[in-house]
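The values are calculated or read from the model by the stated rules, or taken from the named source; none is laboratory data. On a predicted model such as this, the values are computed, not experimentally measured, just so you know. Here the Cβ is made from the backbone with ideal geometry for all residues, glycine too, and neighbour counts use every protein chain on show.
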Amino acid sequence: MGAFRKPSQRRCPTLVSFSGIDGSGKSTQIESLRARLNEAGLRVLLVIFWNDVAMLARMREVTGHTLFRGDKGVGTPDRPVNRRDKNVQSWYMTAVRFCLYIVDAISLRSVVEKVLRADADVVIFDRFLYDELANLALRNKITRAYTRLLLKFIPQPDISFLLDADPIQSRARKPEYPLDFLYSNRASYLTLRQLVDGMTIIAPLAASDVEQQILQRVQGKLQENLFAEGPQSSPTFVPSTSK
């Protein structure tokens with residue numbers, strides 16, 4: 001991706017979200033995209049869903065550990081953990097999630113309204129409401145109806161990436177949840193993709209290949225958004241020798 005010459009007039013930033021099962025490579029790809037966009041002279045804002053959008057995050061974490069006695073922290077190959085929160089699929093937890101996700105959807109609308117006024121060219125969401133909805137049993141008719149309502153309520157990113165991944169490889173990179181849950185969670189993401197208009201699925205590939213697909217998609221959307229404002233706003237990409 002080359003240097004990007006921007007016209008001077010103010011415009012809304014392009015919104016990009018990343019979703020996928022734990023260990024699918026979201027953090028790696030987000031950092032790579034941020035670096036490449038910064039190299040191109042673009043201003044990038046990162047929104048971390050669990051920190052910046054989800055409501056009562058600390059209480060939810062503490063309550064989950066207290067009730068389900070799961071491990072805290074992030075699992076690594078050298079230090080696996082046994083998380084017990086979103087993989088608890090009891091009926092009462094589904095009811096609790098229904099309520100919490102409505103609150104998070106309201107918060108997400110507010111956050112998106114703020115970032116659309118931010119001094120940024122691109123806003124990247126590290127996870128989105130999609131990653132909460134994927135914790136639900138989406139084959140259930142009531143759950144699918146609930147999910148469709150929330151999807152209509154929340155703003156949609158300009159680009160929403162779903163990083164597909166092999167659950168076995170994902171758990172090797174980030175051992176936190178049982179393998180059977182990762183398989184069911186992956187299936188739920190793929191079902192959710194059918195409900196989300198325009199979600200871009202990236203197949204399990206080498207990290208460099210995934211990075212290239214993401215860059216091409218984002219670059220194309222930036223050009224599309226700028227060209228829509230008139231030929232005088234069309235961007236110019238100068239070839240780069242890097243990467």
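The table below lists the values:
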| read-out | value |
| --- | --- |
| Sole exception among (1) over 17 Å from Ala57 (Cβ atoms); (2) more than 14 Å from the chain's Cα centre (by Cα); (3) surrounded by 13 or more Cβ atoms within 10 Å (Cβ to Cβ); (4) not aliphatic (A, V, I, L, M) for Ser107, by number | (1) |
| Hey, Ile21 modelled with pLDDT of 95 or more, touching an Asp or Glu at 6+ places or on another chain (Cβ under 9 Å) and under 30 Å from Asn140 (Cβ atoms) or not | yes |
| Scan of the stretch 145-193 for residues that are basic (Lys, Arg) and loosely packed, with under 15 Cβ neighbours inside 10 Å, ordered by number | Arg148, Lys152 |
| Output for the stretch 23-37, where each listed residue is hydroxyl-bearing (Ser, Thr, Tyr) and closer than 17 Å to Ala203 by Cα | Ser24, Ser27, Thr28 |
| Any pair with Cβ under 9 angstrom, 6 or more apart, that starts in the stretch 69-95 at a residue that is within 16 Å of Tyr183 (Cα to Cα) and surrounded by 13 or more Cβ atoms within 10 Å (Cβ to Cβ) and ends at one that is of a type in the set (Lys, Arg) and at pLDDT 75 or above | Lys86/Arg97 |
| Filtered residue count, the stretch 190-212, keeping only those that are closer than 25 Å to Leu133 by Cβ, touching a helix residue (DSSP H, G or I) at 6+ places or on another chain (Cβ under 8 Å) and part of a helix (DSSP H, G or I) | 3 |
| Residue within the stretch 63-84 that is assigned to a loop (DSSP other than H, G, I, E, B), modelled with pLDDT of 70 or more and within 19 Å of Glu211 (Cβ to Cβ) present | no |
| Scope the stretch 19-35; condition of a type in the set (D, E, K, R), buried (at least 16 other Cβ atoms within 10 Å of the Cβ) and assigned to a helix (DSSP H, G or I); matching residues | Lys26, Arg34 |
| Those residues of the stretch 201-216 which are in contact with a strand residue (DSSP E or B) (Cβ under 7 Å, 6 or more places away or on another chain) and surrounded by 15 or more Cβ atoms within 10 Å (Cβ to Cβ), in sequence order | Ile202, Val210, Gln213, Ile214 |
